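What follows is a single structure, written as C-alpha cells, with notes after it.
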Amino acid sequence: MDFDVLVVGGGFAGLSAATSLAQQGKKVLVLEKKPHLGGRAYSFTDPKTGHEIDNGQHLFIGAYVETRKFLSRIGSSSLLRFSDQLKLHFRDSSGKEDLLSAPRLLSSPLDFSWGVLNLKGLSLKEKIAVSRVVQEVKKFKADKNYAAQIEPLTIRQWLDKLGQTPNVQERLWEPLAIGILNENAKIASALGLLQALEKILSKTPIDAAKTGYSKVGLSSLYTRQASSYLQKHSGAVLYSSKIQSLIYENERVCGVNLEDGRQFRASYVLLTLPPWDLKRLNIPERIQKNLQAFSTSPIIGLSLWLDRSITENETTGLIQTRFHWAFNKNSIWNIPGPGQYLSLVISAAHDELKKEPQEILEIAKKELLVFPEFKKAKMIHWRLIKEPFATPSPKPGLEEMRPFPGEVSPGLFLAGDWTRTGLPATIESAVLSGHKAAEAVFNE
Ligand SMILES: Cc1cc2nc3c(=O)[nH]c(=O)nc-3n(C[C@H](O)[C@H](O)[C@H](O)COP(=O)(O)OP(=O)(O)OC[C@H]3O[C@@H](n4cnc5c(N)ncnc54)[C@H](O)[C@@H]3O)c2cc1C
C-alpha cells in the first residue's frame, strides 16, 4: 500500500500529527519501535491487583487546549476529567497541611491569586511579593523578546531576583516548577516556568489552572483510539518497527530503512523521536549538532497498595521530602475501598536513579508518615518504575537548541515535546508540535 506520510514514533506527538494528517485526507503510516503505542506516556495492567499502572502519573491542566483537540478528534475527550475548582493540597515534612484553592466560580487567572492569598504557610509580605512574579508573566506575555533576558537564569536565580524568600520558593514555586519541568530550580532555566505560568494564568474554555486526570490508564486514553482512527482513515500502525536510517534521493528525504531490513517510501517523513533517539539517525548536520546539548532528567513512580485509606485528597504536593507528589488513585479512578492505591512521584530523580527499588521504597515508607494514618497501614503490594529518559533537562541555553516543529530539510519534518513550541516538554508541547508539523506537511 502507498502512503503519503511516514510518521515515526507513536507517542502523543506522533499520534496527534498522524490523526491530524489523516483528518485532512493524507494516507499515513505510523512506525513504532516498541510493541505498543504511547511512548513516554503509557499504561499496563498489574497482574496482582488487576489495576492499570501508568508509567508515571500524568497531570493535565485546563490550558492543554491542543491535547483536548486531539482527544476530541479520536473520540476520547470524555475520558479526561477536570476538577471543578483549583484545589491542590500540600503537606510538609512535619505533617503541616496547606491548600492552594479557590471557589468554584472563580476562573483563571484570579483563582491562582486567590489560592496564594489563602495559603497558610506564607506570610502576608511573601504573598504580596508573589505579585512581582505575576507582573513578570504579564511582561513576557506582552513582549516575547523578554524571554532572551530570562532564559540564561535558573529558576532559583530568577526568583531570588524577584525577592521571593526561600520559604515561598520551597512552599509554592519549587513544587510547581519541579512538577511542570521535571528539574530542580537550581538547574532549570526560568524560561520554562515563565512559559507554563503564562498558560496557567490565562483564560481558556476550561480554566487554565484546573487540574485534569485521565479516568483510565494512559494507554486506554488515546492509543487504541488513535490507531482505530487511522485505520478508518486509510492509515495504519506498524509495531516493533525500528527506524535505522533515512533514505535520501537528490538531497530530499523520501523514505526510511528499518533495522530488520524493510524499507518504506513516501512523499514526507515526520520524525517524532526524542533527541536521544533522533541523534542515532542520519539527519541534517545542523540539527544533529544541536542534539548534543540535550541531557535527560529522570522520573521515578512508585505504585503502592495499602490495606486502608491514608488520605482523602486527590493530589498532595509533598514539601521538604524526596517524593514530590502523592496521587490518590481511588479518588482519581473511582476505585472503591477499603484499601488505597497510591501513586507516588519523584521528579528530577537524578540521585534516586542509582538506588535499588527496595531502598527507594524505604524512603517512601518514612516520608508517608506525614499522613498520620500511614502508621497503622499495612502494605499489600508495590511496584516501582524508573524512567531514566523522562524529559530533557531544561537547562539555561537549551531553548536555542530546540528546532521549531515543522520542515527541517526537503521532505523531512520534526515534532516532539522537546521541539521549540514555546512550552516546556509536556504532553501539551508534544501535541502542539504534532499539530504544527502536520500543518506544515499539509501546506507543502
Ligand atoms: C513518568 C513521566 C511522567 C510525566 N508526567 C507528565 C505530566 O504529568 N504532564 C505532562 O504534560 N507531561 C508529563 N510527562 C511528559 C510526557 O510524557 C511527554 O512530554 C510526552 O509523552 C512526549 O511525547 P512525544 O510523542 O513527544 O515523545 P515519546 O512519547 O517519547 O514518543 C516517541 C516515540 O518514538 C519511538 N521511537 C524512538 N526511536 C524510534 C525508532 N528508531 N524507530 C521507531 N520508533 C522510535 C518511541 O518508542 C516512542 O514511542 C511525563 C513523562 C514521564 C516519563
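The values are calculated or read from the model by the stated rules, or taken from the named source; none is laboratory data. Owing to the predicted nature of the structure, the values given are computational and were not obtained by experimental measurement. Methodologically, a virtual Cβ is constructed for each residue, glycine included, from the backbone with ideal geometry; neighbour enumeration extends over all protein chains shown.
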*Any residue at all in region 173-183 that is in contact (Cβ under 8 Å) with a residue 60 or more places away in the chain and in a loop (DSSP other than H, G, I, E, B)?*
yes
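Per-residue answers, yes or no, for (1) assigned by TED's automatic domain parsing to the domain that holds residue 415; (2) over 20 Å from the mean Cα position of the chain (by Cα); (3) surrounded by fewer than 19 Cβ atoms within 10 Å (Cβ to Cβ):
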site: 267; (1), (2), (3): yes, yes, yes
site: 289; (1), (2), (3): yes, yes, yes
site: 304; (1), (2), (3): no, yes, no
site: 326; (1), (2), (3): no, no, no
site: 337; (1), (2), (3): no, yes, yes
site: 349; (1), (2), (3): no, no, no
site: 354; (1), (2), (3): no, yes, yes
*Number of positions in region 269-295 that are within 10 Å of the ligand (Cβ to nearest atom) and part of a strand (DSSP E or B)*: 1
*Does region 370-393 contain at least one residue that is of a type outside the set (A, V, I, L, M, F, W, C), out of contact with any helix residue (DSSP H, G or I) (no Cβ under 9 Å at 6 or more places or on another chain) and at pLDDT below 95?*
no
*Evaluate the following for residue 333: is it surrounded by fewer than 22 Cβ atoms within 10 Å (Cβ to Cβ), more than 12 Å from the ligand (Cβ to nearest atom) and aromatic (Phe, Trp, Tyr)?*
yes
*Search region 19-41 for residues that are more than 13 Å from the ligand (Cβ to nearest atom) and of a type in the set (Gly, Ala, Ser) and pair each with any residue that is modelled with pLDDT of 95 or more and assigned to a helix (DSSP H, G or I) when their beta-carbon atoms are under 6 Å apart and the residues are at least 6 apart or on different chains.*
20/435; 20/438; 22/230
*asked:* Taking the criterion of being β-branched (Val, Ile, Thr), in contact with a Phe, Trp or Tyr (Cβ under 6 Å, 6 or more places away or on another chain) and not in a loop (DSSP other than H, G, I, E, B), would at least one residue in region 230-245 satisfy it?
replied: no
*asked:* Out of everything in region 45-63 that is at pLDDT 95 or above and within 13 Å of the ligand (Cβ to nearest atom), what residue ends up being surrounded by the fewest Cβ atoms within 10 Å (Cβ to Cβ)?
replied: 59
